[in-house]
Amino acid sequence: MNLLSLLSGLTKHDPHAIIAIDADPAQPVHVSRSELWRRTLQLRADLATTGVGRGDVVAVCLPNWSDLLGWQIATASLGACAVGLDPAAPTAELARAVTDTRPRVLALDRDVPATLTDHLRAECAATPGDPAPAVAVVPGPWSQPPVDPSAWDLGGGAWQPSAATAGMPMPATSGDEPAVAFAPGLACYRESVVVRHATSTATALGLGDGDLVVCTRPATRPIAWSFALAALAGGATYLFDPRLDETTLPGELARFGATHLAADEATALRLAKSCHARSHDAGAVLPSLRWVGIANATSADAAQRLDELGIPARGFYAPAGVLAPFAVWPTGRSTADRWLGGGHPVCADVDVRVTDPESGEPVADGESGVVELRGACVPEPRSESHGTAAADWFPTGDLGTLTPGGDVRYDGPADRDA
C-alpha cells in the first residue's frame with residue numbers, strides 16, 4: 001500500500017466525503033476526496049513533465065493549506081522525496097534549507113514576500129555548480145494564479161500547476177523510496193513506513209468517517225504532517241488553518257466540530273483555562289471533541305483540567321525527528337499514566353530501550369535513562385537513501401522509563417540540567 005493507492009481506495013469508497021477543510025473566517029473551502037484525487041493526479045503529471053523522478057527532491061514551502069496533501073502524495077508516487085519547509089521561518093533559514101536539499105522543484109506561495117525570492121535567487125547565483133530549482137507558483141485556496149510566473153524564477157524556470165481535470169487514469173507506481181523528509185536534519189522516511197505509521201495511528205485513535213482532526217502546528221512540521229496522514233488513513237477529515245493560534249483555537253474547534261486535537265502542553269493548558277472560564281460543561285463548550293493529545297506532557301495539569309470538563313485528554317510521546325505520535329496511552333490506563341507524556345508504541349514493528357546516560361548500557365525496566373528506538377520509525381539520512389537505518393538504535397535525546405508491558409514514560413529532555 002502506498003499513499004496514492006490509499007487515496008484511490010478512499011475516493012472509490014466515497015468520492016464526496018470531505019477529506020480536508022481549508023479554514024477561513026469568511027470562506028472555508030471543503031475539499032472532497034474526488035477533488036483531492038483529481039488535483040493529485042494532475043500535479044503528478046505536472047511534476048513528471050518538469051523532470052521529477054525517482055530519487056529527486058521536491059521542496060514544498062506553502063502555508064498550512066490542503067495543497068500540502070496533494071504535493072506530498074504526488075511527489076511520493078513518482079519515487080521522489082518531499083521536504084516540507086515552513087514559510088513562516090526566517091528568510092535566511094529557508095534559503096539555507098533550499099540550498100541543502102537541492103530540490104528539482106520548489107513550490108512557493110504566490111504571495112511569498114519578495115525578500116525571500118530575492119534571497120533565494122542570490123543563493124542560487126552563489127552556487128553555480130548546483131542547478132537552480134524550477135519554481136511552481138501555487139495560488140492556494142482563495143487566490144488566482146498569476147498571469148506570468150516569471151517573477152518567481154530563481155534561474156531554473158517557473159511554472160503554475162495545471163487545473164485539475166477528471167478522467168486521468170491511475171498511474172503505475174513501484175518501489176519504496178524515501179517519500180518525505182523534514183528540515184533541518186533532512187532525515188527521510190520511506191513511503192511504506194509513512195503509510196504504516198498513519199494507519200496504525202488512525203487505529204490507535206479510533207479515527208473514522210465523520211471525525212475531524214486538528215493539530216496546532218503547521219503541516220510542514222513532522223507532528224502535524226503525521227496527524228494529517230493519520231486522518232487520511234482513517235477516512236477522517238483534517239483541518240488546515242494558516243491562521244490558527246491560541247486565540248482562534250477554541251472558536252475553530254467549535255465551529256468545525258473537531259473530534260481530535262493534538263497540541264503542545266502550553267496550548268492545551270490555555271485551552272483548558274479558556275473552557276473553564278466559559279463553562280464547566282464540555283457539551284456546551286466543545287460538544288464534539290472527544291480526544292485531546294498533549295505532546296510530551298510533563299505535568300498533569302492540562303489533561304486533568306480538560307478531563308474535568310468531560311473531554312478525554314492524555315499525553316502522548318513524540319520524540320524529535322520521529323513520526324508522531326510514537327506512543328499513545330490506550331483507553332483505560334490510570335490517570336497517573338495517561339495525563340503525562342508516554343504510552344504504548346502505535347507501530348508493532350519497533351523496539352524501545354532505555355540506556356544509562358553515562359555508560360550507554362541498557363537499564364532495567366522502571367529505571368530512568370535515555371530513550372532509544374529501533375525499527376521502521378527510525379528515519380534514514382538522505383545520503384543513505386538506498387540503505388536502511390532500521391537496525392540501528394536511534395537516541396531520542398529524551399529521558400524516560402520503560403515498563404515490563406512495553407510502555408514508555410516520558411521524563412523530559414536528557415539535557416535539561418546541562
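The values are calculated or read from the model by the stated rules, or taken from the named source; none is laboratory data. In this text, all values refer to a predicted model and were calculated from it rather than measured experimentally. Quick reminder, even Gly has a Cβ in these numbers, built from the backbone with ideal geometry, and neighbours come from all protein chains shown. Side chains included, ligands, DNA and RNA excluded: accessible areas come from the protein's heavy atoms. Shrake-Rupley method; radii C 1.70, N 1.55, O 1.52, S 1.80 Å.
Structural remarks
- Matching residues in the range 27-61 - criterion: being of a type in the set (Val, Ile, Thr) and assigned to a loop (DSSP other than H, G, I, E, B): VAL52
- Evaluation of LEU207 against the conditions (1) open to solvent by 10 Å² or more (accessible area, probe 1.4 Å); (2) aliphatic (A, V, I, L, M); (3) at pLDDT 95 or above; (4) in a helix (DSSP H, G or I) shows that the sole unmet condition is (4).
- Residue in the range 224-231 that is assigned to a loop (DSSP other than H, G, I, E, B) and crowded, with 23+ Cβ neighbours inside 10 Å present: no
- The set of residues from the range 346-376 being touching a residue at least 40 places away in the same chain (Cβ under 8 Å), among the aliphatic types (A, V, I, L, M) and open to solvent by less than 60 Å² (accessible area, probe 1.4 Å) comprises VAL346, VAL352, VAL354, VAL370, VAL371, LEU373, ALA376.
- Among the residues making up the range 37-59, a single one is open to solvent by less than 10 Å² (accessible area, probe 1.4 Å) and touching a Gly at 6+ places or on another chain (Cβ under 6 Å): THR40.
- Enumeration of residues in the range 319-337 that are surrounded by fewer than 22 Cβ atoms within 10 Å (Cβ to Cβ) and under 17 Å from the mean Cα position of the chain (by Cα): ALA320, GLY321
- Boolean, LEU340 is at negative phi, part of a loop (DSSP other than H, G, I, E, B) and open to solvent by less than 20 Å² (accessible area, probe 1.4 Å): no
- Filter pass, PRO312 being modelled with pLDDT under 90 and closer than 21 Å to GLU265 by Cβ: yes
- Counted residues, the range 190-199 - those being surrounded by 22 or more Cβ atoms within 10 Å (Cβ to Cβ) and not aliphatic (A, V, I, L, M): 3
- Of the helices (runs of 4 or more DSSP H) lying entirely inside the range 62-155, the ones with 3 or more residues being open to solvent by 20 Å² or more (accessible area, probe 1.4 Å) are found at 91-101, 114-126.
- For the range 59-77, the tally of residues that are closer than 19 Å to ARG102 by Cα and of a type outside the set (A, V, I, L, M) stands at 4.
- Looking across the range 2-26, the residues that are more than 16 Å from ASP67 (Cβ to Cβ) and part of a loop (DSSP other than H, G, I, E, B) come down to ASN2, ASP14, PRO15, HIS16, ALA17, PRO25, ALA26.
- Hey, ARG255 of a type outside the set (A, V, I, L, M, F, W, C), open to solvent by 30 Å² or more (accessible area, probe 1.4 Å), in contact with a Pro (Cβ under 8 Å, 6 or more places away or on another chain) and under 30 Å from HIS13 (Cα atoms) or not: no
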